[in-house]
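The values are calculated or read from the model by the stated rules, or taken from the named source; none is laboratory data. The structure displayed is predicted, hence computed values, not measured ones. Positions of Cβ are generated from backbone atoms using ideal geometry, with glycine treated the same way; all protein chains shown enter the neighbour counts. Keep in mind that these areas ignore ligands, DNA and RNA; they rest on the heavy atoms of the full protein, side chains included. Shrake-Rupley method; radii C 1.70, N 1.55, O 1.52, S 1.80 Å.
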Amino acid sequence: MSGWEIFTWVNAWILGCGAVIVFVWFLIDLPGLLPGAERKPRTSEDGEG
Amino acid sequence: MLALLALGGIADSMVEIGILDWSIIAIYLTGMVTVGALLARRHADFDDFFLAGRALTTPILITTLISTYYGIDVLFGSSQLAYTDGVVAWFGYARPTYLFFLIAAFVVARRLRHEDFRSLPEILERYYGGGTRNVGALASFLYSLPALSLYGFGLLAELLLGWPPLVGMAVLGGVALAYTLTGGFWAVALTDSIQFLMMCVILAIAVPYGLQVVGGFDSLFEHLEPYYFDQMGDLSVLLVIAYAATGLTVLIEPTFYQRIFAARSYHNVRNALLAGIVLWGAYDWTVTIVGMMARTAAIQGAIDPGIAPDASLMAMMTVALPAGMLGFFIAGVLATEMSTLDSYCLVAGGNVAYDLYKPILKPDASDADLIRATRLGVLLSWVIGFAMAASFDQMLGLWVFMASILMSTLLVPILLGLYVPACRRPLAGLISSVSGLTSTALINAIIVLGGRYVDEEETFVFQLDLWGGSYEILQEYAMFFTVPLSALGFVLGLAIDRRRRG
């Protein structure tokens, strides 16, 4: 298996699995995101200011 | 951004779609409108409608950044370059932009969050006053008009669904308009997340199916010329620099800024951009390899050898993907462009409401007034974009013009205002933005009206005879004159300001 082929498979897995992982992460976050939901107050740890 | 525009030449290669594929496409389109309808009455104030209550966290920022910034231009443009030139599509064209995303993640986003802005023109107002804000809002509005996306929908509808282009523009663009009008940025961000999943997963799945068609990866080495695997191909250094320079737009992109303003915190933006760079890289590489697979398939006769290079990815997918999966692919392609169109329409609407209507016509506008004005602005931008897409033949030239306006009007005053406090002089910002805007209009008019359209270059070329020499000025070169003119205007403004103050 050449370096090009390995690079291709690594990228295809990153793209496919990465998208699914990010989407699941988004779904977990969703209930706290929607308008009207209780949100955590921002803190200095959020990097503001 | 540009290569999709030749897609018109491939409209005769319509795709066969089965009932299962149609069902998937119909479910997708209905789902998008439903999201907008569900979020229609949930906006507490203007921040909620335009910036999703500034509550976006890392995962939704990743999905909305990736799906907005990558449209069918990348899908078909990068695969076109890979089809004709190979891996240079990734190394020479895509890779340099990741550097600008890194700069945006660590430098620009931090500064923007620190100042707590709502829109890009508001930055100009704070540093230079209302006049510069108006010029900036006009430039941002013009840049955000969805003409190119609607034109793309017309072509896709004709190619994929067999609809007349105007019907495709109206129906597919109308779906994106409907959920953007009703649901605002919440609907845009939530639909972006579904669209992100579809566009990424279907592309990843295409790799094994594509390899199956061409007979494995080794087949690429057997059939493609060695230069297909040369990282810089036969591109000149100057052209690589020119490609890299296009990444500069990231630093002043209105939809990108909107997502920074809508984030819950700077850390969320930074983390989303870092994760996004990895996914952008994987997406670009996969598009590149599918383009090269298509070239191999064309040589083998598995797809039409005479196919237009920018249609190669589509042809490869239709050959490789089984029934049902093809429906997901088509929905994924529509999703790719819908996620771009909705975001630009909303930014244009915000420019009308928050940056022009409120400061000029109604300073005491309530949140309800602003939401109403934003919706009208969204509608206005869609209608103008539709008229442009239906009227102009040279959409590539139009896009170059719109991108030039953004860069020439905003790059200098925005970056100097953000990072050099001594430069925050009203006259400097005003002269810079006005000179950038007017010189862009003037130089583009000279090139388009005084030059000729050259098919091989896919652009307008103006022949300049000067001091015994003859030079070809492409429309894309306008920025090489207008951005320096904007910088010169800024320096002039600073000098006048200094003299006035004694």
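In the list B:Ser404, B:Ser432, which residue meets the criterion of being modelled with pLDDT of 95 or more and hydroxyl-bearing (Ser, Thr, Tyr)?
None of the others qualify; the one that does is B:Ser432.
Can you confirm whether B:Ser193 is under 21 Å from B:Tyr69 (Cβ atoms) and away from every other protein chain (no Cβ under 14 Å)?
The answer is no for B:Ser193.
If you take just the helices (runs of 4 or more DSSP H) that sit entirely in region B:303-415, which of them hold at least 3 residues that are small (Gly, Ala, Ser), touching an Asp or Glu at 6+ places or on another chain (Cβ under 8 Å) and touching a residue at least 60 places away in the same chain (Cβ under 8 Å)?
Filter on region B:303-415 gives B:325-350.
Residue-by-condition table, conditions (1) more than 10 Å from chain A (Cβ to nearest Cβ); (2) at pLDDT below 95:
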residue: B:Ala245; (1), (2): yes, yes
residue: B:Leu248; (1), (2): yes, yes
residue: B:Ile252; (1), (2): yes, yes
residue: B:Ala263; (1), (2): no, yes
residue: B:Tyr266; (1), (2): no, yes
residue: B:Ala275; (1), (2): no, no
residue: B:Leu279; (1), (2): no, no
residue: B:Gly301; (1), (2): yes, yes
residue: B:Pro305; (1), (2): yes, yes
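Filter region B:27-41 for residues that are β-branched (Val, Ile, Thr) and buried (at least 18 other Cβ atoms within 10 Å of the Cβ); which is farthest from B:Phe185 (Cα to Cα)?
That would be B:Val33.
Tally up the residues in region B:462-483 that are open to solvent by less than 60 Å² (accessible area, probe 1.4 Å) and in a helix (DSSP H, G or I), please.
Qualifying residue count, region B:462-483: 6.
Look through B:Leu61, B:Leu65, B:Leu142 and report the one residue that is more than 14 Å from every other protein chain (Cβ to nearest Cβ) and closer than 23 Å to B:Tyr344 by Cα.
Only one candidate qualifies: B:Leu142.
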